[in-house]
Amino acid sequence: MENCCVQKLASALGTPDVPTRYVVRGHQDQQLTTTVVAPVPVINLSLLSKQDGGAADEAAKLRSAIDSWGLFLISNHGVDAAVMDGMMAACREFFRQPLEEKQRQSNLIGDDQYEGYGNYEGYGNDQVSSPDETLDWTDRLKVEPEDERRIALWPAHPEGFRDVLHEFTKKCGAVKDNVLRAMAKLLELDDNDYFVDQLVEKPFTNARCSYYPVCPRPELVFGLTPHSDGTVVAVLMVDDSVGGLQVLRDGVWWDVPIVPHTLLMIIGDQMEIMSNGIFRSPVHRVMTNAKKERISVVLDYSVDPEKEIEPSAQLVNEKRPALYRKVKVKDYIVAHYTHFSQGKEVVMGKLKI
């Protein structure tokens, strides 16, 4: 199974090359542009939550960050450094385990990696729709952090993994809610809990631990293909010593800065729809590294797949008509995945790039 474990593949490579399944056509010609570090603002969540002038200044920074980049860093977020370090250490230990141990949480079902590749949770790679689809240079562990979790896919090893993941996801959930309330205030919505309430009833949320092995030919592959997120928002803890995440702005790829013990929030397509295009979801990607491995932890937050979303009625008027139609989240996710597998981005059936 060529795409079962990139980590094993990377360690077995005896020549400076990668299998053709991972090579992005034209990547070596079109994507090797010089990048610079994006001046992404760091939002002080403690100040943002206060009821004084400091909050107004921080809210202005938040609006500028969303308008300029579609993502931003968060400091003073309330997630203890010990919890963040413990979560990252647990991820490293998980991926350092023998393959047979990691495969206890496998997301492969049966022997055929294409017909059986569809269990969203567990250890492995992202779902692929055909044997011809280009693969990303990464392995993942995905689990559901909320009430309907499948505990069998929560690793029992390394010891303490489940406890630290539970604590990390709980604390990040509070961060997400506080920022969503601040975003509703930026839009002057009557209800500051408007976006929070979208994620109250049966939300689709998951934790995704991603491992990017050393790659002998980083100019030929992607750690993660360029895409926009099909979520409301995503909260990330990125590797504090190895970069790789890039965001596209005005046709230029910018490196997202590394600031230890901050969190990163990325606006998703569902937020773009509900805000009637005022908040835009950015196209981003992950590059590989020829010398260092990289790990990240991502929490994705999505509205219940059976619910419908549409632009908030308060954000629709004669000057700004509805830019997106009402859609069931499940149908949107299918469209999003279909276009993602083709290397395209979509919001409500309209190609973004």
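The values are calculated or read from the model by the stated rules, or taken from the named source; none is laboratory data. Keep in mind it's a predicted model, so treat the numbers as computed, not measured. Neighbour counts are summed over all protein chains in view; Cβ atoms, including those assigned to glycine, are modelled from backbone coordinates with ideal geometry. The accessibility values were calculated without ligands, DNA or RNA, using every heavy atom of the protein model including side chains. Shrake-Rupley method; radii C 1.70, N 1.55, O 1.52, S 1.80 Å.
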ask   = Does the stretch 153-172 contain any residue that is in contact with a helix residue (DSSP H, G or I) (Cβ under 8 Å, 6 or more places away or on another chain), modelled with pLDDT under 80 and of a type in the set (Phe, Trp, Tyr)?
value = yes
query = Out of all the residues in the stretch 52-62, which are part of a helix (DSSP H, G or I) and more than 21 Å from residue 248 (Cβ to Cβ)?
reply = 53, 54, 55, 56, 57, 58, 59, 60, 61
ask   = Under 7 Å by Cβ, and 6 or more places apart or on different chains, what pairs join a residue from the stretch 312-329 that is within 17 Å of residue 281 (Cβ to Cβ) with one that is of a type in the set (Phe, Trp, Tyr)?
value = 312/194
task = Filter the stretch 303-337 down to the residues that are open to solvent by less than 60 Å² (accessible area, probe 1.4 Å) and in a helix (DSSP H, G or I), then identify the one that is modelled with the lowest pLDDT.
result = 336
remark   = Of the residues in the stretch 287-297, those that are open to solvent by 10 Å² or more (accessible area, probe 1.4 Å) and not small (Gly, Ala, Ser) come to 287, 288, 289, 291, 292, 293, 294
ask   = For the subset of the stretch 63-90 comprising residues that are part of a helix (DSSP H, G or I) and among the β-branched types (Val, Ile, Thr), which member is most open to solvent (accessible area, probe 1.4 Å)?
value = 83
request  = Identify the single condition in (1) modelled with pLDDT under 70; (2) more than 17 Å from the chain's Cα centre (by Cα) that residue 120 does not satisfy, given that it satisfies every other one.
outcome  = (2)
message = Can you pull out every residue in the stretch 247-278 that is in contact with a His (Cβ under 6 Å, 6 or more places away or on another chain) and of a type outside the set (A, V, I, L, M)?
response = none
query = Can you find a residue in the stretch 259-275 that is closer than 19 Å to residue 137 by Cβ, surrounded by 19 or more Cβ atoms within 10 Å (Cβ to Cβ) and touching a strand residue (DSSP E or B) at 6+ places or on another chain (Cβ under 7 Å)?
reply = no
key: Filtered residues of the stretch 202-218 (kept if surrounded by fewer than 19 Cβ atoms within 10 Å (Cβ to Cβ) and of a type in the set (A, V, I, L, M, F, W, C))   = 214
key: Of residues in the stretch 44-62 being touching a residue at least 12 places away in the same chain (Cβ under 8 Å) and small (Gly, Ala, Ser), the one least open to solvent (accessible area, probe 1.4 Å)   = 59
ask   = Just to be sure, is residue 284 of a type outside the set (Lys, Arg), in contact (Cβ under 8 Å) with a residue 12 or more places away in the chain and either touching a Phe, Trp or Tyr at 6+ places or on another chain (Cβ under 8 Å) or surrounded by 21 or more Cβ atoms within 10 Å (Cβ to Cβ) (or both)?
value = yes
query = Is it the case that residue 255 is of a type in the set (Asp, Glu), open to solvent by 20 Å² or more (accessible area, probe 1.4 Å) and free of Cβ contacts under 8 Å to residues at least 60 places away in the same chain?
reply = no
